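Engineer: I'd like to ask you about the structure that follows.
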Amino acid sequence: VEAAKPPPAGKPAGKESKGGGMPAAYEFQNVVVNLAGTMGTRYLKTSFVVTAAGGVDIRSIFDGAKPRLTDVTLNVLSSLTLADLEEPGAKNIIREKLVGAYNQAIGRKVADQVYFSDFVVQ
């Protein structure tokens, strides 16, 4: 029996909301960025799921804006420094930045929360 493969980067996570049948999350996998101020010697590799604000079909919205949202993701994450990542509560700050950036890029509240499934600083 083969193990189920995770969806590729930027694909819907396949989770569905109760009753509505609309996807409730969108997954970004293996996003790799150089950290600011490290001259390319340090990087962040992360995977995460973005959950939708109540009743929003995040899959169709994020699919329609995938290039813009990928760019937003890279901009937010690559602006981080090693010192930013060492601060207490750093992941919560990054979550807030990503949610805010996605909602600003879309022009309305679509993203509600970010949940990291992988977060490696090298």
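The values are calculated or read from the model by the stated rules, or taken from the named source; none is laboratory data. Fair warning: this is a prediction, and the values are worked out from it, not measured in the lab. Neighbour counts run over all protein chains shown; Cβ positions are idealised from the backbone, glycine included. Areas reflect the complete protein model, heavy atoms only, side chains present, ligands, DNA and RNA absent. Shrake-Rupley method; radii C 1.70, N 1.55, O 1.52, S 1.80 Å.
Engineer: Could you work out how far apart the two model spin labels at Q104 and A90 are, taking each label as a point 7 Å from the Cα in the direction of the beta carbon, and quote it in nm?
Structural biologist: 2.2 nm
Engineer: Also, I was wondering about something else. Suppose accessible area is computed on protein heavy atoms with a 1.4 Å probe; arrange K45, K97 from highest to lowest.
Structural biologist: On the way: K45 65, K97 90 Å².
My answer, sorted largest first, is K97, K45.
Engineer: Which value in Å is the Kirkwood Rh of the range 31-106 over different Cα pairs?
Structural biologist: Details: mean 1/r = 0.0749 Å⁻¹.
The answer is 13.4 Å.
Engineer: Roughly how much of R59 is accessible, in Å² to the nearest 10, using a 1.4 Å probe?
Structural biologist: 110 Å²
Engineer: Let me ask you something else. For the range 26-74, compute Rh as the Kirkwood radius over C-alpha pairs and then the Stokes-Einstein diffusion coefficient at 25 °C and 0.890 mPa s; write the answer in µm²/s, rounded to an integer.
Structural biologist: Numbers: Rh = 12.3 Å.
The estimated diffusion coefficient comes to 199 µm²/s.
Engineer: If you don't mind, there's one more thing I want to ask. Give, in nm to one decimal, the length gained when the segment between Y43 and V76 is fully stretched (0.36 nm per residue of separation minus the Cα-Cα distance). Display every interim value, and only then the final one.
Structural biologist: Working: separation 33, 0.36 × 33 = 11.88 nm, distance 1.34 nm.
Computed gain between Y43 and V76 is 10.5 nm.
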